[in-house]
There are 2 protein chains.
Amino acid sequence: MMGLSKENLKGLILALVSSGFIGASFIIKKQGLRRAAAASGVRAGFGGYYYLLEPLWWVGMITMIAGEVANFVAYAFAPAVLVTPLGALSIIVSAVLADIILKEKLHHLGILGCVMCIAGSIIIVIHAPKEQPIKSVQEIWDMATQPAFLAYGGSVIVLVFILVFHFAPKCGHTNVLVYTGICSLMGSLSVMSVKALGTSLKLTFEGKNQLIYPETWFFMLVVAICVIMQMNYLNKALDTFNTAIVSPIYYVMFTTLTILASVIMFKDWDGQSGGTIVSEICGFIVVLSGTVMLHATKDFERCPSFRGTGPSSPTLSTRLYSGNADFLVKQDEESGSPDSNFCSRRQESY
Amino acid sequence: MMGLSKENLKGLILALVSSGFIGASFIIKKQGLRRAAAASGVRAGFGGYYYLLEPLWWVGMITMIAGEVANFVAYAFAPAVLVTPLGALSIIVSAVLADIILKEKLHHLGILGCVMCIAGSIIIVIHAPKEQPIKSVQEIWDMATQPAFLAYGGSVIVLVFILVFHFAPKCGHTNVLVYTGICSLMGSLSVMSVKALGTSLKLTFEGKNQLIYPETWFFMLVVAICVIMQMNYLNKALDTFNTAIVSPIYYVMFTTLTILASVIMFKDWDGQSGGTIVSEICGFIVVLSGTVMLHATKDFERCPSFRGTGPSSPTLSTRLYSGNADFLVKQDEESGSPDSNFCSRRQESY
């Protein structure tokens, strides 16, 4: 249990690299946006697209894609129980770089949030389960078609249908849990299929061609469907509600459901002692708390509007599996008019 | 490592009972103070002593003493690495009861702080070292006189001397770290000697009389000196600075130094794996963060002055080994005029 396996170590390093890249990408893009705004005099939030001519913005975009790829590959090596919560570390990278480079001062409690994310991540890494080596895509197929996971997948699909056709038209625009719920439920299936696809491709690159099996193509189809659904509803959620509200709720629900799905499908907890599982859950709770705290305390300093308009949309659409670090980069240059009334109302509620 | 030993379990239960009693005692005493104020029309903070005639206040006082005794006995059974951080749980009991009974609403982030204290405590309990069974006071004496611990004790005494005679007259009234530093340094020696004394008394009650050995009496003397020093400087700190500033700093320094002292003297970490030790440290950091957060967010709602005047002094003098839960009970009924200027200055600094 203690001491990482070689595969887990690879997954861990990839997850850390991914978080570093994704966290940094927001800062680079933000710098690019600032430069573009300074050069053109038109801010992106007001309809300017000059940032597309700014090389720095593209460097940020490439950094982000590199981070996403690293994240994708990490799932091929280490269990989702390990990789998914580590996405929160991108938030820390983003917060620290924003503090250093963009001079956006981190709140005292935000620093505490960072410390907690790190402490929780260390606990998760120490207690992460060793993954059973997978030899073919059929093995994953067997896991995906075991009764317990079929029950999980079936419940997810039923719930998503109810949310999409019953609740979304009725209260999708008033209750933040509807769109984020759809994203999170689909997200847990996305990660499972991404993991299946990643493992298949890993095996293929190792010389055991898995592309000859229809299962590989099926998983590819599932990835596409889930990611499009998730993207679509995440954008809806961000268009309707404040990012500072959507992000922590989405992060908590998505990560929890993904771990649940992984534990059911890959039996991550089989053969682990009770103490180890409880430690993992505690570590996970600590990371979640740290994330929520970083989100919450960001408001204590300044309170711009975060509606997901302008160039932040393509950003978010590509980032579905990792922590939502982008909220930390204060998007005043990107957003339109700050809805200060809404802000003060929210601050009072604490 | 996983799975508690019988002795640890006893110590754990005693520590939990202690935290429950201590946490509850503040609420009961506060209720007593309210009743006394309502009956007499004079508030304690304004020089009234009617609360001494109020049975409820005495119930609170007895609950607190019972909690302190349970805490003292817990040290005889379980390592300080386990017992000391669990003191933070009294803060949660106090905060939750204040919310329910006194209707003093807990801040959203305060709830998160509670969750973190619990998660961190669970991690600490799971990874707590098994204590070597101690058969006589001489054994403890040997531990206390090993070179490493003598070096620790010597450094503590030298540091305390420097703080008391050099820094206290110069900047004791301007720098919060001077008085709290003295308390925390002495506190770590207090706990070690309390543990030695508790173990001796436990052995005596088990029929192995330890009172015939001079070592037992020596430890008793050390307890007395350390506790008086600690009490004296804690009251000085609270008289000079705001409780909301003193408490978290004191809690963090005191708990850290106590764990350090225990690890040196009782070799708690010998025979534990690296992963277990790191998990313990992370759990400890999480509890500390939760405590700091509870302290910090208390300010977000209301901001009375917390100068340690009136009936809070005897309270604090008896509570040196556990978490400082009393800060959570808003002492408006006990304190004099709220120094709102000071408050707003502090809130700005966040």
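Name the residue that is modelled with the lowest pLDDT, counting only residues in region A:34-59 that are part of a helix (DSSP H, G or I) and touching a Lys or Arg at 6+ places or on another chain (Cβ under 7 Å). Full working, then the answer.
If we filter region A:34-59 for residues that are part of a helix (DSSP H, G or I), which is where we start, we get A:34-40, A:44-46, A:50-53, A:55-59.
Now restrict to residues that are touching a Lys or Arg at 6+ places or on another chain (Cβ under 7 Å): A:37, A:56-57.
Values: A:Ala37: 80, A:Leu56: 86, A:Trp57: 84.
Top of the filtered list is A:Ala37.
Evaluate region B:172-181: report whether one residue or more is modelled with pLDDT of 90 or more, in a helix (DSSP H, G or I) and over 20 Å from B:Tyr250 (Cα atoms).
no
If you go through region A:8-29 one residue at a time, do you hit one that is at pLDDT below 85, within 16 Å of the chain's Cα centre (by Cα) and within 25 Å of A:Lys105 (Cα to Cα)?
yes
Of (1) over 20 Å from A:Pro133 (Cα atoms); (2) touching a helix residue (DSSP H, G or I) at 6+ places or on another chain (Cβ under 9 Å), A:Ser200 satisfies all except one. Which?
(1)
Which residue out of A:Ala237, A:Ala244, A:Ala224 is more than 14 Å from every other protein chain (Cβ to nearest Cβ), surrounded by 17 or more Cβ atoms within 10 Å (Cβ to Cβ), under 21 Å from the mean Cα position of the chain (by Cα) and of a type in the set (A, V, I, L, M, F, W, C)?
Going through A:Ala237, A:Ala244, A:Ala224 in turn, just one is more than 14 Å from every other protein chain (Cβ to nearest Cβ), surrounded by 17 or more Cβ atoms within 10 Å (Cβ to Cβ), under 21 Å from the mean Cα position of the chain (by Cα) and of a type in the set (A, V, I, L, M, F, W, C): A:Ala237.
Only one of A:Ile62, A:Ile111 is surrounded by fewer than 24 Cβ atoms within 10 Å (Cβ to Cβ), assigned to a helix (DSSP H, G or I) and within 14 Å of chain B (Cβ to nearest Cβ); which?
The conditions single out A:Ile111.
So, in region A:135-145, how many residues would count as being farther than 17 Å from A:Lys267 by Cβ and either in contact with a strand residue (DSSP E or B) (Cβ under 9 Å, 6 or more places away or on another chain) or assigned to a helix (DSSP H, G or I) (or both)?
So in region A:135-145, the residues farther than 17 Å from A:Lys267 by Cβ come out as A:136-137.
Filter again for either in contact with a strand residue (DSSP E or B) (Cβ under 9 Å, 6 or more places away or on another chain) or assigned to a helix (DSSP H, G or I) (or both), leaving A:137.
Number of matching residues: 1.
Condition (residue is farther than 28 Å from A:Leu112 by Cβ and within 21 Å of the chain's Cα centre (by Cα)) applied to region B:112-124: is it met by at least one residue? Please lay out each step first, then the result.
First, pick out the residues of region B:112-124 that are farther than 28 Å from A:Leu112 by Cβ: none.
No; the residues of region B:112-124 include none that is farther than 28 Å from A:Leu112 by Cβ and within 21 Å of the chain's Cα centre (by Cα).
What's the number of the only condition in (1) within 14 Å of chain B (Cβ to nearest Cβ); (2) in a helix (DSSP H, G or I) that A:Lys105 fails to meet?
The failed condition is (2).
Residues to consider are A:Ala148, A:Ala74, A:Ala119; find the one that is more than 15 Å from A:Phe266 (Cβ to Cβ) and part of a helix (DSSP H, G or I). Write out each step before concluding.
Numbers: A:Ala148 fails: more than 15 Å from A:Phe266 (Cβ to Cβ); A:Ala74 fails: more than 15 Å from A:Phe266 (Cβ to Cβ).
Exactly one residue qualifies, and that residue is A:Ala119.
Among (1) of a type in the set (Val, Ile, Thr); (2) free of Cβ contacts under 8 Å to residues at least 40 places away in the same chain; (3) within 30 Å of A:Leu203 (Cα to Cα), there is one condition A:Val83 misses while meeting the rest; what is its number?
(2) is the only condition that A:Val83 fails.
Just name the residue that is surrounded by the most Cβ atoms within 10 Å (Cβ to Cβ) out of those in region A:264-285 that are more than 14 Å from every other protein chain (Cβ to nearest Cβ) and at pLDDT 90 or above.
Of everything passing the filter in region A:264-285, A:Met265 is surrounded by the most Cβ atoms within 10 Å (Cβ to Cβ).
May I ask you to verify whether B:Glu68 is assigned to a helix (DSSP H, G or I), modelled with pLDDT of 85 or more, buried (at least 17 other Cβ atoms within 10 Å of the Cβ) and among the acidic types (Asp, Glu)?
Criteria met by B:Glu68.
The values are calculated or read from the model by the stated rules, or taken from the named source; none is laboratory data. What you see is a predicted model; the values in this text were computed from it and never measured. FYI the Cβ positions are ideal-geometry reconstructions off the backbone, even for glycines, and counts take in every protein chain you see.
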